[in-house]
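What follows is a short report on a single structure.
Quick note: the coordinates plus some simple rules give every number you see, no bench work behind them. In this text, all values refer to a predicted model and were calculated from it rather than measured experimentally. Cβ placement follows ideal geometry from the backbone for every residue including glycine, while neighbour counts extend to all protein chains displayed.
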Amino acid sequence: MAKVDKQELGKGIRALLGDTSKSRAPVGEEMKNNSTPINEVSIHLIEINPFQPRNDFDVDALEELAESIKTFGLIQPVTLRKLDGERFQLIAGERRLRASKMAGLQNIPAFIREANDQEMLEMALVENIQRAELNAVEVAISYQRLIDECALTHEALSERIGKNRSTVTNFIRLLKLPPVVQQALKSNRISMGHARSLLSIPSQEGQLLALKRVLEDDLSVRATEKLVKEFLIPDRSKTPVTSKLPVEYQHTVDHLAKQLGTKIEMKRKNSGTGTLIIHFQSDDDLNEILDYFDSN
C-alpha cells in the first residue's frame, strides 16, 4: 500500500472534525450558513458521547491538563452535535471536556457538526485513534467497531485512518487473546510484541501458561518468541505412546546396566516393538561393551 501523506491525512481529519483555523462565532450562527466556526458553548449543556471508545482516563494527566486550562484556557475546541432543544452531544474531546470541568470553566470552544449516529461513531473513533494515547487493546476495539458498525473492510479502514492493512489486522487479532492476556497488555505489563508472539500459540491454555512465564521471568520479546517455539513443538500425546516397562523387562535393563557399567535405556511401544539404547562415553567404553557381548 502506498505511504500516506501526513499533510493529506491531516486534511482528512480536519474534514471530519472541522478546521481549527476558522474564527469563533456565537452558538447558532453556524446553523444559518452551514459552516463550522468555533463556538462558545455552556459546558452544562454538553452530554457525554455514548460512542466514546476510551474507558480509562488518567487522573493525574487530567489534573495537569486542568491546570494548563486554568492558565491558558482550552486551546483546542471539542466537537459537538446539536440535539433537540438547547443541548449538545460530544463527538470528540471527552478528555478536554473533563479537564475543563475540573478547571471550573462555564463555557468552552466547540465545533458544532450535523451527524447521525453512524457518522458520530466514526468521527469519535477516528479522532481517538489519531489523537489519543489509546492502549493497544482500545485501538483494536476501535478498529473492530469501525469495521462492524460502519461496515468497513480492513482495506477501507486502513485507508480511512492512514495505516497499513497489516497493521489493522495485527491490532484486531489481539482481540482473540484471553481477557487475562488483554488486561496485561492494557496495563503495560507486556508489550504489543509479546502479545503478537502469544497469538502464535493455538490454545488459550497455552497462551495463559506462556503469559505466566513471561511475567514471572520478565522475558523480553525475543525470549518470548523462543518460549513460544517450545509450545509449538508437536504434541507428544499424538505420537505412539510407550508404556511403562513390565517388571521382567526392567530387570533385564538393570542387569545389563550393572554388567556393562553404563546407562541402558529400553523404549517399548504397546505393540511390543521398541529400542534398546546402550550409552558409552569413549571408544574404550565401546570396545569393552563389544568384548562383553563377544564373550557371551
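Structure data summary
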read-out: Pairs where the first residue, in the stretch 39-51, is under 27 Å from D148 (Cα atoms) and the second is hydrophobic (A, V, I, L, M, F, W, C) and in a loop (DSSP other than H, G, I, E, B), C-beta under 8 Å, 6+ apart; value: E47/L83
read-out: Any pair with Cβ under 7 angstrom, 6 or more apart, that starts in the stretch 76-94 at a residue that is among the acidic types (D, E) and ends at one that is part of a loop (DSSP other than H, G, I, E, B) and crowded, with 22+ Cβ neighbours inside 10 Å; value: E94/N49
read-out: Positions within the stretch 184-202 being surrounded by fewer than 14 Cβ atoms within 10 Å (Cβ to Cβ) and among the polar types (S, T, N, Q), in sequence order; value: S187, N188
read-out: Residues satisfying the stated conditions in the stretch 68-82, i.e. over 10 Å from F111 (Cα atoms), of a type in the set (A, V, I, L, M, F, W, C) and either in contact with a Leu (Cβ under 9 Å, 6 or more places away or on another chain) or buried (at least 22 other Cβ atoms within 10 Å of the Cβ) (or both); value: I69, L74
